[in-house]
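Below you'll find the structure, written out as structure tokens, and then a few comments.
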Amino acid sequence: MRALTYEGPYHVKVRDKPDPRVEHPDDVILRVTRAAICGSDLHLYHGFVPDTRVGSTFGHEFTGVVEEIGPGVRSLVRGDRVVVPFNISCGTCFYCQRGLYGDCEASNPMSDLASGVYGYSHMTGGYDGGQAEYVRVPFADVGPMKIPEDMTEEDVLLLSDVLPTGYQAAEMGGITDGDTIAVFGCGPVGLVAARSAWLLGAGRVVAVDRVPERLEFARRWAGAEIVDLGQVKDPIAVLRELNGGRGPDVCIDAVGLEASGSPWQTLLGRKLKLAPGSSVVLDWAIHSVRKGGTISIVGVYGPPANLVPIGAAMNKGLTLRMGQANVKRYMPHLLQHVRAGRLDGKALITHRFPLEHAAHAYQLFEAKADGCVKCVLVPSG
Ligand code: NAD
Ligand code: ZN
Ligand code: ZN
């Protein structure tokens, strides 16, 4: 089959790989119909994620059609169309039983950090991902959700990650009626967090980014006021003016690693006197949120950025919540929002490419060029 593989930092290509096969009785093999590229894939692409091996296939947001079925699978038949959560979860371990699917210990026994994840390095189990013609899906009775007959692949594709992640980001903010929410990052995750904040009762939503097209998207699609980092010298001061001069009640970090190690950090870090390896966004969030406020972190962090201004957070009595999204927990509920048009994930898809053009798609998405918000690969129809 053809698959998008990692060849080294900033280098991916589409090449031949052996077809995946059923390895355990509860596996299925999917023919992939849509596979999105995520901001999390950029951390791999940038070479930030430890133990990302050359030749591994990326892709943790996908839909597909069931082609082959292991003898233990009960709930799927050949030909079923499914959307698959990015967390691989067993459904029965201590964490899965508590709805913490992103912490499943059976799908990634080598690590105590997170569950297995498709196409996300050997740190999360070494599973090949869905940016390919075919993908192996373990624990197939647990994760995949059948696509309702009256819905298309693209209607539900973002239920695999971005919709649950953005929604969980807003939910972890503990929003109460009328709260002021600041969302850092207007990528797909931040946009969904902004829109979800309204669904959870926010009174004011402010989105922060530096890419004009994405800010415009936040204004139009998520109904947010915007702070353009290209125009504003001191984002902390601007945010602190909100909410009667107290600062936002909740700050959501939907940026993660990009805010460290980037030229922006070098630039801003000098001004802000940030320690090397600390995160611009966490610094801004902690210093701008009101006292007693909440920081919700869904941006992914790792070794290049592990320093946090913990003294300020402690003295301000903040609540910090964070984590990988527990996708499966949210799917049924969010499907209703999708159906009703309240969370129209499909509207975020700005670009589609055949799988063969995946390397170009990565370049475009990484550069945030051409108004690109969400890029989708189409391995087969
Ligand atoms: P993306 O790369 O498309 O978007 C990130 C946005 O942040 C960009 O628009 C960029 O311009 C903006 N940005 C960069 N520096 C900034 C700064 N200092 N202040 C404000 N904005 C800034 O990514 P995405 O797909 O939206 O994902 C966002 C983050 O969420 C990534 O870190 C990704 O890994 C993470 N993520 C986490 C989970 C989870 O389960 N926790 C799931 C999916 C994605
Ligand atoms: Zn993702
Ligand atoms: Zn489990």
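Since every read-out is calculated from the coordinates, none of them should be taken as a lab result. Quick caveat, the model's predicted, so the values are computed rather than measured. Reconstructed Cβ throughout: ideal geometry from the backbone, glycine too, with neighbour counts over all protein chains shown.
Descriptive notes on the structure:
- Computed 3J(HN,Hα) for the range 132-145, one whole-Hz value per residue from the Karplus formula 6.51 cos²θ - 1.76 cosθ + 1.60 where θ = phi - 60°, is 6, 6, 9, 8, 8, 10, x, 6, 5, 7, 9, x, x, 10, glycine and proline marked x.
- Debye intensity ratio I(q)/I(0), log10, the range 180-229, q values 0.14, 0.26, 0.28, 0.32 Å⁻¹ (C-alpha model): -0.24, -0.84, -0.97, -1.27
- Compared with the dominant principal axis of the Cα atoms in the chain, helix 327-339 is inclined by about 80°.
- Descending semi-axes in whole angstrom, ellipsoid equivalent of the chain, from the Cα gyration tensor: 34, 21, 20
- Cα-Cα pairs of the range 1-87 separated by more than 21 Å (percent): 38 percent
- Taken over the C-alpha atoms, the range 1-147 has Rg and Dmax values of 14.4, 41 angstrom.
- Applying the Karplus relation 6.51 cos²θ - 1.76 cosθ + 1.60 with θ = phi - 60° to the range 363-376 yields 3J(HN,Hα) values of 4, 5, 5, 5, 7, 6, 8, 6, x, 6, 10, 9, 10, 10 Hz, where x marks Gly and Pro.
- Counted over the chain, the DSSP beta bridges are approximately 55% antiparallel.
- The range 1-15 versus the range 116-155: alpha-carbon centroid distance in Å: 18 Å
- Longest exposed-site-free window of the chain, the sites being GluC sites (Glu not before Pro) in a DSSP loop that have at most 13 other C-beta atoms within 10 Å: 242-381
- Inverse of mean 1/r across different Cα pairs in the range 106-264, Kirkwood, Å: 17.7 Å
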